[in-house]
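Below: one structure, written as structure tokens.
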């Protein structure tokens, strides 16, 4: 089946068969292919095409569900690269309107042993937060690495001076208890930054098995 | 006496909530519940949605399951199971195209993404993507260019879409189909619309790229942004 036939078939099966051909022809006239139809919004469909509300929802629900599946599939149990860590925490923190600070304790193969929310507010007492990081690490058998993440509810993933300073201090604090901080991921909206990718050896020790690509 | 369909009002309300709100504000089970409206006539699909997600370990698991596994869930008939499998296959096809060339390391890779996206499309469509160099995009909106020409685009609707999709740094791709890649007045109007109107909501236009066949024209790199009011 070509894309037009796929969409017509889809509308026929799930919605009103009588409208399927007309709606399909009009949508393809406007958008040109199936992907761009799914990437659009019902607001635009209903402006130009005589279309039932049910049909507009049907088309948009596919892209909405697809997006959720993508986010879910970004989950992984092994955080052995900066890119994997970014995708993982981006999926975790998307949609939160408050600032969250999370520690993921990893084993020798970078497998996640434990994830703990250190605070669900902006950090005011850094020592108290560091203590919680240490407690989390101590509570895990086989803990070797830690990846820390926090989000910027503003949606901007740009690093602040305090992000940098607190990360340096955390690395030193965890070193005392034999935990290597592999990365600090900052999530802003749908984007994220790996501080290890940004600062490399200037901030982090070289870690065998943790890819920066 | 005809029995009142107690579900009819609920389904209409859910659809209206979806149309008036934003998909990101819905839980996984609510999205699945709405989809099940189209698969299961006149029944409470909320419980079924919950059970599906619990049984298959998440929403993506539901669409990876085969029909034999799905029919074991309460409320899922063989016909409904076939429909869910159908949706799963449809989304797989959609994802294949969506994910192609999605890692943006520089503007060249963004141009490549647009060229692939618009390949074989004759229609004049505008694709707005949320992109920063070196990061993948998950968010995009397609808008027929004719909507800009005919003033069918409202600032309020566009602002809502950009904000609810968490778009901050956007790149606009405009497909010219078979026509020349040289920008026309409509292209400049589109660029101006996004550049000027939504800056107040922290939306920055990084570039506007015209595409035709295998050619591109970047408005930013050709100085068009220099004349835009800041």
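The values are calculated or read from the model by the stated rules, or taken from the named source; none is laboratory data. None of these values were measured; they are calculated from a predicted model. With ideal geometry, Cβ positions are generated from the backbone for all residues, glycine too; neighbour counts draw on all protein chains shown.
Quick rundown of the values:
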{"item": "Conditions (1) on the phi > 0 side of the Ramachandran plot; (2) modelled with pLDDT of 80 or more: number failed by residue A:65", "result": "(1)"}
{"item": "Failed criterion for residue A:87 (all others in (1) within 12 Å of chain B (Cβ to nearest Cβ); (2) in contact with a helix residue (DSSP H, G or I) (Cβ under 6 Å, 6 or more places away or on another chain); (3) within 30 Å of residue A:174 (Cα to Cα) hold)", "result": "(2)"}
{"item": "Condition check for residue A:61: under 25 Å from the mean Cα position of the chain (by Cα) and more than 7 Å from every other protein chain (Cβ to nearest Cβ)", "result": "no"}
{"item": "Out of A:50, A:70, sole residue that is surrounded by fewer than 20 Cβ atoms within 10 Å (Cβ to Cβ), within 7 Å of chain B (Cβ to nearest Cβ) and either closer than 27 Å to residue B:175 by Cβ or over 14 Å from the mean Cα position of the chain (by Cα) (or both)", "result": "A:70"}
{"item": "Single unsatisfied condition, residue B:91 versus (1) modelled with pLDDT of 85 or more; (2) closer than 30 Å to residue B:208 by Cα; (3) out of contact with any helix residue (DSSP H, G or I) (no Cβ under 7 Å at 6 or more places or on another chain); (4) within 12 Å of chain A (Cβ to nearest Cβ)", "result": "(3)"}
{"item": "Hey, residue B:60 away from every other protein chain (no Cβ under 12 Å) and out of contact with any strand residue (DSSP E or B) (no Cβ under 6 Å at 6 or more places or on another chain) or not", "result": "no"}
{"item": "Options A:2, A:41, A:35: the member that is surrounded by fewer than 16 Cβ atoms within 10 Å (Cβ to Cβ) and either more than 22 Å from residue B:19 (Cβ to Cβ) or within 11 Å of chain B (Cβ to nearest Cβ) (or both)", "result": "A:2"}
{"item": "Total residues in segment A:18-47, condition over 28 Å from the mean Cα position of the chain (by Cα) and at pLDDT below 85", "result": "3"}
{"item": "Among (1) facing chain B (nearest Cβ under 7 Å); (2) over 22 Å from residue B:86 (Cα atoms), the one test that residue A:10 misses", "result": "(2)"}
{"item": "Pick from segment B:157-166, criterion at the interface with chain A (Cβ under 7 Å from one of its Cβ atoms) and crowded, with 16+ Cβ neighbours inside 10 Å, ranking: modelled with the lowest pLDDT", "result": "B:166"}
{"item": "Members of segment B:132-156 found to be more than 21 Å from residue B:121 (Cβ to Cβ), modelled with pLDDT of 85 or more and facing chain A (nearest Cβ under 9 Å), listed by number", "result": "B:154"}
{"item": "Sole exception among (1) surrounded by fewer than 18 Cβ atoms within 10 Å (Cβ to Cβ); (2) part of a helix (DSSP H, G or I) for residue B:57, by number", "result": "(2)"}
